[in-house]
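Each value in this text was obtained by applying a stated rule to the coordinates, not by laboratory testing. Since this is a predicted model, take the numbers as computed values, not measurements. Neighbour counts run over all protein chains shown; Cβ positions are idealised from the backbone, glycine included.
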Amino acid sequence: MLNSLQACRAAAAILVVLFHTSNGIFDLPKYFGHKPFGPIFDFGYAGVDFFFVLSGFIMMYVHADDIGQPSALGAYLWKRFSRIYPAYWVVLAAIVPVYFLVPSFGVGHEREPGVIVRAIVLFPHPETHLVLGVAWTLVYEIFFYLLFGLLILDKRIGVLVFVGWMACVLAYPWFDTYPWNFLFSYLHLRFLAGMAVAVILMRWRVPNPRLVAFAGAALFLGTGMFNAYVRPLSALEQTLGYALGSAVALSGIVEAERSDLIKPPRWIVYLGNASYSIYLVHFLGLSIQAKIAKAAQLHFYIPGTVLFCLHVVGAIAIGCLFHHVAEHPTHAWAKGYFRRATLPGAMAVPEPAVRKAA
């Protein structure tokens with residue numbers, strides 16, 4: 001495990017939390033009606049861009065040896081899907097009944113059977129209707145996992161599919177109807193950028209990695225400040241600023257850790273371990289906190305900036321709690337179940353392969 005990757009996960013998750021605290025909670029008239037820190041966190045949605053680049057990197061960096069090895073497909077799919085679905089289903093099972101008990105919390109489609117079924121399997125919806133708002137990113141993740149599985153199943157076919165897919169993604173402005181606008185969305189360029197970083201790092205060393213990491217972070221944050229204080233960005237500008245910045249920063253960060261030039265602190269590595277849980281439940285946590293704060297009229301007694309920070313810390317803490325109570329146990333069970341299910345056949349597999357499949 002590269003601890004720097006966990007630190008990157010933590011940073012991306014915190015960015016999303018800051019964005020939703022500012023733009024999804026504090027700016028709503030039903031809560032507080034203003035942004036205590038102004039527009040500075042308006043670009044926080046770009047944490048998702050970093051997540052996607054990171055996913056592409058991890059898939060290629062971790063599973064490069066599995067490409068063209070059909071026997072590895074089962075372990076790959078179990079690892080990837082058991083990482084996403086169990087914890088997500090726990091949250092989904094908790095919030096679906098709420099929309100039936102208190103319909104005013106939703107907009108209506110959350111109670112439609114078709115929407116619920118699609119939400120369970122993380123299948124895209126023509127009108128992007130969701131039950132759990134943040135799950136839209138998971139739909140893209142699952143699609144990418146399946147596509148990468150083709151490389152493992154058959155390298156030649158997988159490469160041909162990826163080349164054709166990449167060409168269509170580059171032509172995304174011409175695809176404006178479902179399902180093409182999902183299959184060839186420009187957002188997939190983030191995964192491809194991450195894969196490219198992994199290929200580069202597996203073949204070459206990055207010179208002056210800390211300078212490269214700083215340059216990538218500067219491009220990412222500079223794009224964010226332009227977005228927050230100047231004007232909204234086009235799809236191409238977002239790709240060039242956020243995706244390219246993420247890719248450059250990631251290449252420098254990983255190379256710096258491989259060269260023993262950086263050592264992320266343990267607390268941020270821990271937040272990285274809990275980042276998926278933080279991402280899944282942070283908005284629910286923010287909503288609950290805001291309702292309590294509004295009912296208690298805390299905004300009359302606590303400065304807006306302080307109340308904002310309390311909401312952010314509270315949402316992260318709720319995510320960490322969910323990580324301990326639900327995500328980590330279910331993920332550990334899934335890994336243990338797969339080991340038990342494959343144990344009889346694993347006896348004949350060489351030891352290195354057994355270790356890798358585990």
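Annotation for Ala295 and Phe81: the two label points, set 7 Å from Cα along the Cα-Cβ direction, are 4.0 nm apart. Here the contact order of segment 40-129, divided by its residue count and restricted to Cα pairs under 8 Å and six or more residues apart, works out to 14 percent. The stretch between Tyr337 and Ile120 holds 76.0 nm of extra length on full extension. This uses 0.36 nm per residue minus the Cα-Cα distance.
Report relative contact order for segment 200-352 in percent, whole number only (criteria: Cα-Cα under 8 Å, sequence separation at least 6). Over segment 200-352, the number comes to 22 percent.
Highest mean packing first, where packing is the average number of other Cβ atoms within 10 Å per residue, the peptides 63-73, 12-22 line up as 12-22, 63-73. Scaling against 2.2 N^0.38 Å puts the C-alpha radius of gyration of segment 152-253 at 1.23. Relative to its residue count, segment 24-124 spans a Cα convex hull of 147 Å³ per residue. Take the Cα of Trp89, go 7 Å toward its beta carbon, and the backbone nitrogen atoms of segment 294-328 under 14 Å from that spot belong to 327. Under the combined filter of DSSP loop state and at most 16 neighbouring Cβ atoms within 10 Å, segment 171-211 retains these chymotrypsin sites (Phe, Trp or Tyr not before Pro): Trp204. How high is the FRET efficiency from Leu236 to Met1, r the C-beta distance, R0 41 Å, rounded to 0.05? Step by step, r from the Cβ atoms, then E = 0.75.
Placing +1 on the Cβ of every Lys and Arg and -1 on the Cβ of every Asp and Glu, with nothing else charged, gives the chain a dipole about its Cα centre of roughly 660 debye. State, as an integer percentage, the relative contact order of the chain based on alpha-carbon contacts under 8 Å between residues 6 or more apart. It comes to 28 percent, rounded to a whole number.
Distance from the Cα centroid of segment 177-223 to that of segment 81-138 is 29 Å (rounded to whole angstrom). Could you list log10 I(q)/I(0) for the chain at q = 0.06, 0.08, 0.10, 0.12 Å⁻¹, which the Debye formula gives when each Cα is one point scatterer? These q points yield log10 I(q)/I(0) values of -0.23, -0.42, -0.67, -0.99.
Helix 136-153 and the long axis of the chain differ in direction by around 0°, with both axes built from C-alpha atoms. The angle separating the long axis of helix 275-295 from the principal Cα axis of greatest extent in the chain is about 10 degrees.
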